[in-house]
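Undergrad: What follows is a single structure, and I will ask about it in a moment.
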Amino acid sequence: MTDFEKEINRRRTFAIISHPDAGKTTLTEKFLLYGGAINLAGSVKGKATARHAVSDWMEIEKERGISVTSSVLQFEYGGYCINILDTPGHQDFSEDTYRTLMAADSAVMVIDASKGVEAQTRKLFKVCVMRKIPIFTFINKLDRDANDTFELLDEIEKELGIATCPVNWPIGSGKRFQGVYDRDRQCVITYSDTEKGTKEGESVEVPACDSKALGAVIGEEAAGTLIGEIELLDGASAEFDLGLVRAGELTPVFFGSALTNFGVEFFLRHFLEMATTPLPRKADKGLIAPAENEFSAFVFKIQANMNKAHRDRIAFMRICSGKYEASMEVKHMQGGKVMRLSQPQQIMASERKILEEAYAGDIIGVFDPGIFSIGDTLCMPKEQFCYEGIPTFAPEHFARVRQVDTMKRKQFVKGITQIAQEGAIQIFQEFNTGMEEIIVGVVGVLQFDVLKYRLENEYNVEIKLENLPYEHIRWIENKDVDLDRLIGTSDMKKIKDLKGNPLLLFVNAWSVGMTLDRNEGLILSEFGRG
C-alpha cells in the first residue's frame, strides 16, 4: 500500500446527529478532548462567562445555547485522522443537517437514555437510511435516571427499523449507575465521575466470571441482575456483523455519559475500528473511488461571516478522491472555469489553518468570492464529471421581508442574498417585480429569528417580517409555461426564485391538485432544481 493510500485509509468522516438536548455537542467536545485538540471541554449551556462549546461559534448559538449551523472539526486520535461534522439538532435547522449528511461516510446517533427515540431522531434517521449510511448509536446520560435498557433497544428497532447490537451494557442509571459490562472482553468497567471538562477519571475492571469480586464491587443485587440481563441479551440480541453495520442494516449500541466522560473513549476506539474508510461517490459517469482517481470534491455548505475579522464566505468541500496540493489548478464544473482554490483551510469551528495538502475524506474550507453554489463539483481540468446534486427542500413557512431603513437597501440585498446562498433560507420575488418585494421561505420558523439576528449583527440592517399564510410551494417543471395564462385558485400566489424560475405558493394542499386539473400538461415539483 502506498503512502497516499495509507493517508486516505486512515481517514474517518462522520456526522453526529440527534434530537436537541440529547448531548450531541457535549459528546463532540469530549472527542476533541481525547484527540488533544482542546484542553478543557466547554459546556453548551451555562452562564455568560462560561466557556462555550468549540463547535458553537456563531453569536446566536452562544446566546441561546443551541447549535443552529453545522460545524466541521478535524483532529488526530490513535493514528486516525478524524473529520467530525457536528450538526444542529433543532428541527428548524434540519435542512443544514441533510446537506451535511451528504458529506459523511457514517453517522453517530446520540439518544437521551431517559427520552428514547424522539421526533427529530426519526427524521434524520430516514435520511441515513435513504443514503444507506452506517449508523452507530450512543445512548447518553446514564448518569441520570434512564428508561429500561431493553425497552430502549426495542424502541430503536421498532421506530427506526434497524437491528441493534449492544457493544456494552449499563449497570443501573442515575444515582444507581455503576458502570458498564464490556460484552467482548466479558468484564465490568466501573463508573467514576470526573471533574467536568477533563478526561481524568479512575475506573476499575472486574471479570464478570469472578462473581465474588463482582458482588464486592457493584453489590450482590446489581451483580445478580446483570448476570440475568447478559444471559437474556446473549440469547435475544442480533450478533455483531460488520458487513451489516457498513450496509446500514445493523447499529452497534454503546452506553455512557458524555457529560461525565464515562464510556466516551471506549465508544471512540470501537467506532474508529468499525467505521469505513472514505467511500466512493456517485457521479454522472459512475462511482468515483477515493484512491483510484485524481482530486475531486463537491460543495455541501456555504457559510458567510464566520469570523468578524475576516468578513468572508467559506465554501465547505468534501474531498471525494485523490489529494489536494497547494496551488494546484482545478475545474469548477458548474462555472466551466479552471481556477486555483484560494487558501484552502482546515477548519476547527471558526478557527482556521492554511492547508498545504488534504486527502479524500477530508473537509476543507475555501474562500468563495461568490461563484460557488451548494452541490457544485470540482475536479482536475482534464476530467469531465459532476457529482449527484443535493436536493433543495421545500420551505414550509413564508414571510415578506422589508428593511426598516430604506437608505440601507444595498446592505439589505447583499445580506439576504448571501444568507440565502448558504441554503438556510430561500428567497423569492413577486412575479413581474424586481427585488422590491422579497419573500423568504424557511423549513423551520426559528430560521426567521436567525435571519433577523444575522442581518442586524453582520450587515447592520434592521428588518420587519410579515408572516404569509402559504404552506405549500411548487416549482414549475415546464420550460414553456406562460404564467400570465395559468389558471390557479384564489389562494395561489405566483413568484420566482433568484434564477428566474417560476414557482407557485398555495395556502391549501387541495389547491395544488385543482391547479393541475385546470392546466392540462402542467408539471409541478416539490423540489427545486438546485
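Undergrad: Among Asp96, Asp92, Asp105, which is buried (at least 18 other Cβ atoms within 10 Å of the Cβ), at pLDDT below 90 and under 12 Å from the mean Cα position of the chain (by Cα)?
TA: Criteria check complete, one pass: Asp96.
Undergrad: Based on this model, can you work out whether Glu265 counts as surrounded by 15 or more Cβ atoms within 10 Å (Cβ to Cβ), among the charged types (D, E, K, R) and within 25 Å of Ser114 (Cβ to Cβ)?
TA: Spelling it out, Glu265 is indeed surrounded by 15 or more Cβ atoms within 10 Å (Cβ to Cβ), among the charged types (D, E, K, R) and within 25 Å of Ser114 (Cβ to Cβ).
Undergrad: Checking Lys331 against (1) closer than 26 Å to Met1 by Cβ; (2) of a type in the set (Lys, Arg); (3) touching a Cys at 6+ places or on another chain (Cβ under 9 Å): exactly one of these is not met. Which one?
TA: (1)
Undergrad: If you take the residues in region 460-481 that are aliphatic (A, V, I, L, M) and closer than 30 Å to Asp405 by Cβ, which one is most open to solvent (accessible area, probe 1.4 Å)?
TA: Leu465
Undergrad: Please find, among Lys408, Lys414, Lys382, the residue that is under 26 Å from Leu287 (Cβ atoms) and basic (Lys, Arg).
TA: Lys382
Undergrad: Can you name every residue in region 454-499 that is assigned to a loop (DSSP other than H, G, I, E, B) and within 31 Å of the chain's Cα centre (by Cα)?
TA: Listed by number, the residues that qualify are Asn460, Val461, Glu462, Pro469, Tyr470, Glu471, Glu477, Leu498, Lys499.
Undergrad: Among Ala291, Ala223, which is the only one that is closer than 30 Å to Met339 by Cα, of a type outside the set (D, E, K, R) and touching a helix residue (DSSP H, G or I) at 6+ places or on another chain (Cβ under 6 Å)?
TA: Ala291
Undergrad: Now for a separate question. Any residue at all in region 300-312 that is in contact with a Cys (Cβ under 9 Å, 6 or more places away or on another chain) and in a strand (DSSP E or B)?
TA: No, the conditions are met nowhere in region 300-312.
Undergrad: Hey, among the residues in region 12-23 that are open to solvent by less than 10 Å² (accessible area, probe 1.4 Å) and not in a loop (DSSP other than H, G, I, E, B), which one's nearest to Leu85 (Cα to Cα)?
TA: Step by step, filter region 12-23, then rank; the result is Ala15.
Undergrad: For region 317-367, which residues satisfy the criterion of being among the aliphatic types (A, V, I, L, M), outside any strand (DSSP E or B), at pLDDT 90 or above and within 16 Å of Leu85 (Cβ to Cβ)?
TA: Ala360
Undergrad: Glu273 is checked against (1) within 25 Å of Ala22 (Cβ to Cβ); (2) touching a residue at least 40 places away in the same chain (Cβ under 8 Å); (3) open to solvent by 10 Å² or more (accessible area, probe 1.4 Å); (4) outside any loop (DSSP other than H, G, I, E, B) and fails just one. What number does that condition carry?
TA: (2)
Undergrad: If you go through region 510-530, how many residues are part of a loop (DSSP other than H, G, I, E, B) and either closer than 23 Å to Thr417 by Cβ or modelled with pLDDT of 90 or more (or both)?
TA: 8
Undergrad: Something else about it: For the subset of region 224-268 comprising residues that are of a type in the set (A, V, I, L, M) and assigned to a loop (DSSP other than H, G, I, E, B), which member is farthest from Cys128 (Cα to Cα)?
TA: Leu259
Undergrad: Answer yes or no: is there a residue in region 157-165 that is in contact (Cβ under 8 Å) with a residue 60 or more places away in the chain and of a type in the set (S, T, N, Q).
TA: Yes.
Undergrad: If I ask for residues that are open to solvent by 30 Å² or more (accessible area, probe 1.4 Å) and either closer than 25 Å to Val442 by Cβ or in contact with a strand residue (DSSP E or B) (Cβ under 6 Å, 6 or more places away or on another chain) (or both), which ones from region 482-491 would you list?
TA: Answer for region 482-491, where residues must be open to solvent by 30 Å² or more (accessible area, probe 1.4 Å) and either closer than 25 Å to Val442 by Cβ or in contact with a strand residue (DSSP E or B) (Cβ under 6 Å, 6 or more places away or on another chain) (or both): just Ser490.
Undergrad: Let me confirm something: among Gly286, Gly248, which residue is touching a Lys or Arg at 6+ places or on another chain (Cβ under 6 Å) and surrounded by fewer than 22 Cβ atoms within 10 Å (Cβ to Cβ)?
TA: Gly248
The values are calculated or read from the model by the stated rules, or taken from the named source; none is laboratory data. Keep in mind that what you see is a predicted model, and the values were worked out from it rather than measured. Positions of Cβ are generated from backbone atoms using ideal geometry, with glycine treated the same way; all protein chains shown enter the neighbour counts. With ligands, DNA and RNA removed, areas are computed over all heavy atoms of the protein, side chains included. Shrake-Rupley method; radii C 1.70, N 1.55, O 1.52, S 1.80 Å.
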